[in-house]
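The values are calculated or read from the model by the stated rules, or taken from the named source; none is laboratory data. Quantities reported herein were computed from a predicted structural model and do not represent experimental measurements. Note that each Cβ is placed from the backbone with ideal geometry, even for glycine, and that neighbours are counted across all protein chains shown.
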Amino acid sequence: MATVSGFSPPPYPYDRLAPVQAAAARHEGGVVDLSIGTPCDPPPAAVIEALAGSGAERGYPPSIGSVELRRACAAWFVTYLGVDVPIEQIAACVGTKEFVATVPQWLRLRSPERDTVLHPAIAYPTYAMGAKLAGGRAVAVPNDPLGHLDLASIDPADAERALCLWINSPSNPTGGLDDLGVAAAWGRRHGVPVFSDECYVAYTWDGPPRTILTAGLEGVVAVHSLSKRSNLAGLRVGCYAGDPDLVAYLSEVRKHVGMMVPGPAQAAAVVALSDEHHVDEQRERYRGRLQLMASVLEQWAGVNVALPAGGFYLWIDVGDGWQFAERLAKEGGALVSPGDLYGPDSAAFVRVAVVQPDERMRLVAERLATSAP
Ligand SMILES: Cc1ncc(COP(=O)(O)O)c(C=O)c1O
């Protein structure tokens, strides 16, 4: 076997949960999985019909996204977020995870003198992984007391080396909402492209949904996904939109790589984007589940569980995230994510994804009520 002197992938974050998962699975009725943020509710029937009936499976789909898909995205940007984006400045991605993970390497090819990805210190781990996959460095930006990225704390030497800054609002895992206009201005001032991961925008609880594009398109790229909005994580459709030069460059490179959303998925996404009714319904489901699970955990653990400003995660300070996750698995048969999966500063927290039906969460409550003290 060849000896490896370079990159070898670390354990995948959720694979680290296997022993805790095994403890939860010993309960009759099985594990109630509140770890990964994967939707369980159905997408609209019209989306599934479009998937089966588009006739788009024979030919290669456009990597940048069909004109219909990009028009549907543009219309959604206007009606949902109040911003005008020309369709030339919108492109498709195969879900947003691959985009997040690969963007730094394409930026680095174009600016080889830069090597740094700036990302929130408490964050979705793929921002830092993207830096590693580009052979570069990830630099965590802490939050200020308001929970916003503390942009003033960024070392000017890191800003000079930065390929991009990631911002994520509503945040996974904290549920916080950031000031996207301030991030856009910081990026323009420092010549650093700002990528705004807005994949939870449909679940903005405090105030209206917001996008970085409201602050202008120059120097920024907003990233959106149908996975959470429309319960279509299995379909793999997202889009990115904003700065004309960045979108043109990235969509050209990605065309060479062969990154393509399958044609039937593109057609189905057009149908999903044209409907808000199913999103309103889903919002109500998550709102109810956040309240339900918050009260279950408050009663059982005696901890304070605040509802998030956005997203469908409870982010709870429990003292020791792994210990809490193990106890909850043993006593309630529920699997949650210890906070250190989202950064070394979060070991005291757990993240609870309310992605199971109400009856499964009630099952956790029943188990906890009858578990030995
Ligand atoms: C913050 C954030 N960004 C991006 C993604 C990727 O979503 P998808 O690849 O399904 O679009 C996720 C998924 O959980 C996420 O939490």
Note to self: Against the definition (within 11 Å of the ligand (Cβ to nearest atom) and either surrounded by fewer than 24 Cβ atoms within 10 Å (Cβ to Cβ) or at pLDDT below 95 (or both)), how does GLY234 come out, yes or no?
What the structure shows: yes
Next item on the list: List every residue pair whose Cβ atoms lie under 7 Å apart, where the two residues are 6 or more positions apart in sequence or sit on different chains, the first residue falls within segment 2-15 and is touching a residue at least 60 places away in the same chain (Cβ under 8 Å), and the second residue, located anywhere, is assigned to a loop (DSSP other than H, G, I, E, B) and surrounded by 10 or more Cβ atoms within 10 Å (Cβ to Cβ).
Entry: PRO13/PRO125; TYR14/SER35; TYR14/ILE36
Note to self: Tell me yes or no: at least one residue of segment 188-197 is in contact (Cβ under 8 Å) with a residue 24 or more places away in the chain, within 12 Å of the chain's Cα centre (by Cα), assigned to a loop (DSSP other than H, G, I, E, B) and crowded, with 20+ Cβ neighbours inside 10 Å.
What the structure shows: no
Item checked: Selection from segment 199-229 of residues that are hydroxyl-bearing (Ser, Thr, Tyr) and away from the ligand (no atom under 11 Å from the Cβ) -> TYR203, THR204, THR211, THR214
Next item on the list: Tell me which residues, restricted to segment 71-99, are surrounded by fewer than 24 Cβ atoms within 10 Å (Cβ to Cβ), within 12 Å of the ligand (Cβ to nearest atom) and touching a residue at least 60 places away in the same chain (Cβ under 8 Å).
Entry: VAL94, GLY95, GLU98
Notebook entry, point to check: surrounded by fewer than 23 Cβ atoms within 10 Å (Cβ to Cβ) and among the hydrophobic types (A, V, I, L, M, F, W, C): does that describe ALA123?
Noted result: no
Check: Right, ALA24: modelled with pLDDT under 95, in contact with a helix residue (DSSP H, G or I) (Cβ under 7 Å, 6 or more places away or on another chain) and not in a loop (DSSP other than H, G, I, E, B) or not?
Finding: yes
Checklist line | Filter pass, ARG210 being of a type in the set (D, E, K, R) and within 18 Å of the chain's Cα centre (by Cα) | finding: yes
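One line per residue, one yes/no per condition, for (1) touching a helix residue (DSSP H, G or I) at 6+ places or on another chain (Cβ under 9 Å); (2) within 16 Å of the ligand (Cβ to nearest atom); (3) of a type in the set (Ser, Thr, Tyr); (4) under 25 Å from ARG108 (Cβ atoms):
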site	(1), (2), (3), (4)
HIS148	yes, no, no, no
ASP155	no, no, no, yes
ASP158	no, no, no, yes
ARG161	no, no, no, yes
CYS164	yes, yes, no, yes
LEU180	yes, yes, no, yes
ALA185	yes, no, no, yes
HIS190	yes, no, no, yes
Checklist line | Residues (assigned to a loop (DSSP other than H, G, I, E, B) and at negative phi) located in segment 337-372 | finding: ALA347, ALA348, VAL354, VAL355, GLN356, PRO357, SER371, ALA372
Checklist line | Count - residues of segment 34-70 that are within 16 Å of the ligand (Cβ to nearest atom) and in a loop (DSSP other than H, G, I, E, B) | finding: 10
